[in-house]
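The next block holds one structure in the form of structure tokens; read it before the comments.
Every number in this text was worked out from the coordinates using simple rules, so none of it is lab data. Computed from a prediction, not measured in an experiment: that's the story for all the values here. No Cβ is skipped: glycine too gets one built from the backbone with ideal geometry, and neighbour counts run over all protein chains shown.
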Amino acid sequence: MTNRCTTAQSTEVVRRWAPPAIVTLAATAALTALTAAPPADAAPRQARPEQTTEGTAPRDAGEPIMAIVSIKSQKVTIYDADGWVLRAPVSSGTAGRETPAGVFSVVEKDKDHRSSLYDDAWMPHMLRITWNGIALHGGPLPGYAASHGCVRMPFGFAEKLFDKVHIGTRVIISPSDAEPVEFSHPALFVPKSEAIAAAPARAETLAREADEATKLAQQTKNAAALAVKEAAPLTAALRKLELAKTGADAALAVAEKALAAAKADQAKGRAEDQKQKAAAKVEELQTQLDAAKANAKSKLDAAAAAQDAAKAAETKKADAAKAASEAKLALEPVSVFISRATQKLYVRRPTRDRAPEAGEMFDTILEVPITIRNPDKPIGTHVFTAVAPANRGLRWTAVTIDGGDNARAALDRITIPQEVLERIAPTAVARSSIVISDEPLHRETNYRTEFVVALHDQPQGGLAMRKRPAEVRTARRDDGSNRRSDWNSWGGGQYYNQRQNGGFFYQRPW
């Protein structure tokens, strides 16, 4: 309640001192204007963005599908299948340490993370989006960009968001304001309900067949090893006889040459005697060798057959493991990246397997050339996301964060090969996505990330300042899926220097 006495007294004071006070205030204002005026060549001060307040949608929220950070407005908005559910102010990277604009996803979560770069700084409820140190986390918000490249969120908001977000959740960092809009287009995946319904059973069957193939391969490998072991003495004996026979053949050749060169009768007699002895030795050894081969034939043939069976079983094991892996991956959302820079289409899916170092592993499914009409014309960066099943298909949204074509025109310029559609579209599920960009895959893309795309025409100080340390050797995957050979095929090949037949790959630590 207002104290009327105090108000009246204050008013009287103002009236009493009004003329001199006005003069004083005017003089102070003029002096301030003179002293605060920047020189003519000074850069104008950047205006602070309009402050965003924390908000929650007035409805029951679904599981978050994407987070969109606006560098311009210094805010983050979380979306589920039906629209925004949470929003809050943020503080992104300051000049020289800018938060990179682009397309990312959550690759690791840590409730109580400490920075390894900045004096053990506390980064609570961290949602990592690059392995070299860019993340969303709780932190102080001064009302403007002030971080070293990360996206700071209000502490309470970060805590509330932490348990709702899963590994793989899309994070879009836009230079300006962006939001998903409902979208449809003939090029977007149309799944087949029967293929999706059959996928779990098929994955289970192929996994069982892969296990059986693995056991059979081990059994045939053991049998081949035993057969080779049993045949080893026979092989050694045959080798010994073959060497002796070779020596006898050489001795006979020497005797024949000596006989041909002999002139005197006595010399010819000695040479003839040596030749007969050498010939007899050759005949004797040949007889022994033929008999030994006949006796060893069955066991040697059995050993050779066992080795052939082991090789065939290994091939079947690899094929079965690959089929089982693809069937398992078909249950996961599929992600497609189309790059105008490389004129390629990339496909990968999450494996849900933990990586040895940290995070989860993603699997390369396809990498194929693609046709983009007017390839020299910018196409922009667009993210198409299947947010939910709908009408025997999928309901899609589109987000555009970079100039070029609009989303529809971008898709119109692209021809996705039919064999690609036939392979990945039938089992496409909610959370599947297609990203189209002028950019190539960023070097941060590796087997522990989904696609990482950074806009080259936006500041990337927060990425550039984080130099990678030297390579270290670490164990490789060896589950028969051949995925480790795929890991080296990405634009993130800077991460790996894999030996073709070696027992390890190289990874740059983060």
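Annotations
- Database remark: amide H of Glu439 closer than 5 angstrom to the amide H of Arg340, Ala341 (H placed geometrically; neighbours at sequence offset of 5 or more, or on other chains; Pro and chain starts carry no H).
- Inter-part distance, segment 224-240 to segment 321-335, computed on C-alpha centroids, equals 43 Å.
- In terms of packing, defined here as the mean over residues of other Cβ atoms within 10 angstrom, the peptides 454-464, 155-165, 416-426 line up highest first as 454-464, 155-165, 416-426.
- Summing +1 for each Lys or Arg and -1 for each Asp or Glu among the other residues whose beta-carbon sits under 14 angstrom from that of Leu285 gives +1.
- Cβ-derived FRET efficiency at R0 25 Å, Thr94 paired with Glu63, nearest 0.05: 0.15
- Placing a label point 7 Å from the Cα of Leu226 along the Cα-to-Cβ direction, the residues of segment 312-334 whose backbone N falls under 20 Å of that point are 312-314.
- Overall form of segment 169-277 per C-alpha gyration tensor (a/c, 1.5; a/b vs b/c): prolate
- The distance separating the Cα centre of segment 149-172 from that of segment 374-397 comes to 24 Å.
- Virtual paramagnetic centre 7 Å along Cα→Cβ of Glu179, amide N under 12 Å, in segment 73-96: 77-79, 83-87
- Length added when fully stretched, Arg392-Asn295, from 0.36 nm per residue minus Cα-Cα: 28.0 nm
- For the listed residue pairs Lys215/Lys328; Lys245/Lys311; Lys75/Lys164; Lys229/Lys297; Lys215/Lys311; Lys215/Lys297, the alpha carbons are over 25 angstrom apart in Lys245/Lys311; Lys215/Lys297.
- Counting 0.36 nm for each residue step from Arg208 to Gln286 and taking away their Cα separation leaves a gain of 22.8 nm.
- Spin-label model distance (nm) - Arg423 vs Ala187, 7 Å beyond Cα toward Cβ: 1.9 nm
- Shape call, segment 360-421: gyration tensor on alpha carbons, a/c limit 1.5: oblate
- Gyration tensor (alpha-carbon) shape descriptor, segment 103-171, a/c threshold 1.5: rounded
- Share of Cα-Cα pairs in segment 317-409 lying beyond 15 Å, as whole percent: 72 percent
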